[in-house]
Every structure is written in structure tokens, then in C-alpha cells.
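Please read the structure below before turning to the comments.
The values are calculated or read from the model by the stated rules, or taken from the named source; none is laboratory data. Small disclaimer: the values here were computed from a predicted structure and weren't measured. Virtual Cβ from ideal backbone geometry, glycine too; neighbours counted across all protein chains shown. Just so you know, the surface numbers come from the protein's heavy atoms only, side chains and all, with ligands and any DNA or RNA stripped out. Shrake-Rupley method; radii C 1.70, N 1.55, O 1.52, S 1.80 Å.
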Amino acid sequence: MGELPHGYPFRFVDIVLLEKDPAFTSGTVLARVSANARAAMGDSWASPLLLAEALAQSALLLEGGDSGIGRSGFLAGIDDFSAVRSPRAGESLRVEVRLAGRFGAIVRFEGEVFSEGEKIARGAIIVRRGEGSAGSSV
């Protein structure tokens with residue numbers, strides 16, 4: 001399993017619940033929402049758009065990305081993203097992601113975010129991998 005290049009206050013995902021399968025058609029990560037986390041600083045996350053970042057971090061963690069390469073890459077796009085609401089303090093989010101496509105250093109993931117069975121966000125994220133990563137995993 002790789003290591004995320006993210007740290008406090010911008011790391012949203014916590015642990016892998018279900019490892020990706022060989023084709024990366026599925027993988028699941030847990031994100032806990034706390035009132036003292038920088039994203040919330042109150043009773044909920046400041047913006048539901050942070051759920052797109054949670055999708056990106058989940059994909060990176062599941063893919064086993066190298067933290068050094070991750071620091072030189074970036075979130076290049078968000079496609080067809082929708083969120084019902086911001087997550088609230090005390091919730092545990094199940095983030096499900098899958099690899100949707102790869103073209104050199106450009107990788108597309110699709111995913112959904114659930115809280116106690118309620119789908120609160122869905123969409124696709126596109127990441128541009130860092131230098132020297134065109135043929136490697138995210």
C-alpha cells in the first residue's frame with residue numbers, strides 16, 4: 001500500500017476498507033469527519049466540493065501511489081461531480097473508487113461517497129501524475 005503525500009490539515013481519508021482488485025474495478029476507503037478537523041472547524045465540512053478531493057485521495061491510496069511522485073502531480077480535473085450535502089462531524093464516510101481510464105500520466109477515476117448508506121456525492125476525478133510516472137501506478 002502506498003503512502004499519501006497529504007498531511008494535516010488536508011488529509012481526508014483514513015484507512016483502506018477493501019483493497020482494489022487486480023483490474024481496479026473496485027476499492028473502498030474510510031474517511032472520518034471530526035469537528036476539530038481543518039476541513040470542518042465546526043459541525044460540517046466547509047464545502048461539499050471537498051468530497052472531490054476525498055475521491056482523489058482515496059484513488060491515490062488504493063492505487064499505492066508513491067508520496068514523492070504524488071507531491072509533483074496534481075488533481076487535473078473534476079467531471080460530472082455532484083454532491084447532495086457536506087459531511088457532518090461524527091460521520092464515517094465510505095468512499096468507493098475505480099479506475100476508469102489511463103493515458104500516460106493522465107488517470108481518470110470514478111467514485112461515490114456514502115454516509116450510512118446514503119450516497120452524498122459521486123463523480124469522476126482526473127489526476128496528472130508527477131514526473132517519471134507515465135508508466136507506473138497512480
Report summary line: Expressed in nanometres to one decimal, the distance between label points 7 Å along Cα→Cβ at GLU116 and LEU49 is 2.8
Report summary line: Ordering GLU19, GLU96 by the accessible surface of their heavy atoms, 1.4 Å probe, largest first, yields GLU19, GLU96
